[in-house]
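Report on one structure; see the data block that follows.
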Amino acid sequence: MREVAIIGAGMIKFGKMPEYAPAQMGGDAARMALEQAGIEPGRIEATFCGNIGNAPNLAQRINGEMGVSGIPAFNHENACASSSAAFRQGFLAVANDLHDYALVVGVENMTVHIMMGVTGSGPLVLPHGANLEADNGMLMPAGFSLTGRRHMHEFGTTAEQFGMIAVKNHRNSALNPYAHYQKVFTLEEVMNSRLVCDPLTLYQCCPIGDGAAAVIITTAENAKKHTTQPIFVRGSVLTSGKYKASAEGPPRIEACASAAQECYETAGVGPKDVDVVELHDCFTIHELLAYEDLGLCEKGEGGKFIEEGRSDYGGEVVVNPSGGLLSKGHPIGATGVAQLVEVVWHLQGVAGERQVPGAKVGLTHNGGGFGPGNEPGAMSITMVST
């Protein structure tokens with residue numbers, strides 16, 4: 001396999017923009033990535049797009065926004081990990097000599113989904129009988145709240161420690177011009193916001209919003225022709241949860257732990273080597289679980305990890321400097337690539353006021369939907385470095 005590098009990254013500001021057409025969103029993000037890469041749209045040989053259903057043939061429509069046609073265009077749906085799935089396929093295509101230059105883009109206009117009550121792949125709320133977990137009230141907030149409660153029971157984790165994650169991520173987003181929200185909250189404000197599902201309060205849940213992000217990938221050899229700051233893809237893993245894989249033992253997401261271990265082995269680095277992480281904090285509880293499942297701290301230490309500042313600037317690793325899904329936002333199809341864009345910018349040293357000093361190794365963690373036995377439907381771990 002050929003070594004793969006990211007040479008351009010672009011992202012539009014996230015927010016609620018129902019009038020912003022998805023193809024235009026994706027085209028704008030793609031042009032930003034092309035500009036950073038210093039290449040013309042005509043160099044792109046294939047486009048891989050993640051989206052949960054804004055429009056048929058969205059990758060082709062984005063190509064049209066760039067003035068490109070007649071190339072392979074692939075559209076991927078994998079719930080919240082849709083653009084991570086797109087990236088995985090784009091990575092494999094370049095690594096295996098199918099294409100030399102590829103565009104990977106993630107797009108979502110969630111406010112349009114909410115207005116219509118439906119996505120291109122089906123209704124937002126499934127009818128009774130379509131999903132056992134949903135029929136029993138096991139929607140996302142409930143699932144993570146139950147796991148969080150179990151973590152509190154097993155390890156003495158407190159509700160306030162979950163809340164500290166929201167404080168950190170909202171504070172980080174205040175320095176991110178691309179973030180949906182840029183407001184700082186105190187721990188008291190987080191804990192006193194409206195209760196959603198005990199122990200989760202409103203400010204511990206990600207918002208609904210719109211956005212797009214894009215990266216340009218090529219071979220490591222080609223990358224040297226275009227930039228002095230290529231970011232190399234050291235590992236890319238995409239898997240799905242196994243039935244009842246996390247049913248026994250302490251609270252965890254087994255698909256995350258196993259995918260992370262595979263990615264570390266492929267990359268030849270360990271969790272202690274990682275400088276910056278963008279992870280899937282759809283709820284604060286998910287971030288705390290990921291600390292442990294990614295090996296950033298020992299099982300049961302997630303509460304202390306956040307309370308002692310070990311996942312923040314000046315700590316062991318900076319987690320979600322963008323503000324994460326909680327504050328940067330979570331336009332579903334855009335999230336995976338947006339995480340990559342953020343990490344790439346830190347490794348290039350161009351992240352502005354939120355720059356992680358000396359960042360050389362970055363990791364993204366992106367889950368998608370509910371799979372069997374409350375494991376994720378998709379789990380993506382990607383490792384990149386200078």
(message) Please give the Cα centre distance for the range 338-386 versus the range 41-109, rounded to the nearest Å.
(response) 19 Å
(request) Provide the packing ranking of 326-337, 281-292, i.e. peptides ordered by the mean count of other C-beta atoms within 10 Å per residue, highest first. (result) 326-337, 281-292
(message) Report, in listed order, any pair from Lys224/Lys360; Lys168/Lys360; Lys272/Lys360; Lys183/Lys328; Lys244/Lys304 with a Cα-Cα distance greater than 20 Å.
(response) Lys168/Lys360; Lys244/Lys304
(request) Kindly express, to the nearest 10 degrees and within the range 0 to 90, the angle between helix 140-155's C-alpha long axis and the longest C-alpha principal axis of the chain. (result) 50 degrees
(request) Could you grab the relative contact order for the chain? Cα pairs under 8 Å, six or more apart, rounded to a whole percent. (result) 26 percent
(request) About the Cα centre of the chain, how large is the charge dipole given +1 on each Lys and Arg Cβ and -1 on each Asp and Glu Cβ? Please answer in debye to the nearest 20. (result) 420 debye
(request) Using only Cα atoms, tell me the angle between helix 22-37 and the longest principal axis of the chain; keep it within 0 to 90° and round to the nearest 10. (result) 70 degrees
(message) Residue by residue through the range 325-330, what is 3J(HN,Hα) from phi via Karplus (6.51 cos²θ - 1.76 cosθ + 1.60, θ = phi - 60°)? Round to whole Hz and write x for glycine and proline.
(response) 4, 4, 10, 4, x, 9
(message) List residues of the range 350-386, by number, whose backbone nitrogen lies under 17 Å from a label position 7 Å along Cα→C-beta of Thr266.
(response) 362-368, 378-386
(request) Would you please give the residues with an amide H less than 5 Å from that of Gly235, counting only those at least 5 places away or on a separate chain, with H modeled from the backbone geometry? (result) Met383
(request) Place +1 on the Cβ of every Lys and Arg and -1 on the Cβ of every Asp and Glu in the chain, take the dipole about the Cα centre, and give the residue among Pro251, Thr47, Leu175 whose Cα lies farthest towards its positive end. (result) Thr47
(request) Report, in degrees rounded to the nearest 10, the 0 to 90 angle that the Cα long axis of helix 82-95 makes with the longest principal axis of the chain. (result) 40 degrees
(message) Counting only other residues whose beta carbon sits under 14 Å from that of Thr266, what net charge do I get with K and R as +1, D and E as -1?
(response) -2
(message) Using Cβ contacts closer than 10 Å as the measure, can you line up Val215, Val277, Val167 from fewest to most?
(response) Val167, Val277, Val215
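FYI, it's all coordinate maths here, none of it is from the lab. This one's a predicted model, so the numbers in the text were calculated from it and none came from an experiment. Methodologically, a virtual Cβ is constructed for each residue, glycine included, from the backbone with ideal geometry; neighbour enumeration extends over all protein chains shown.
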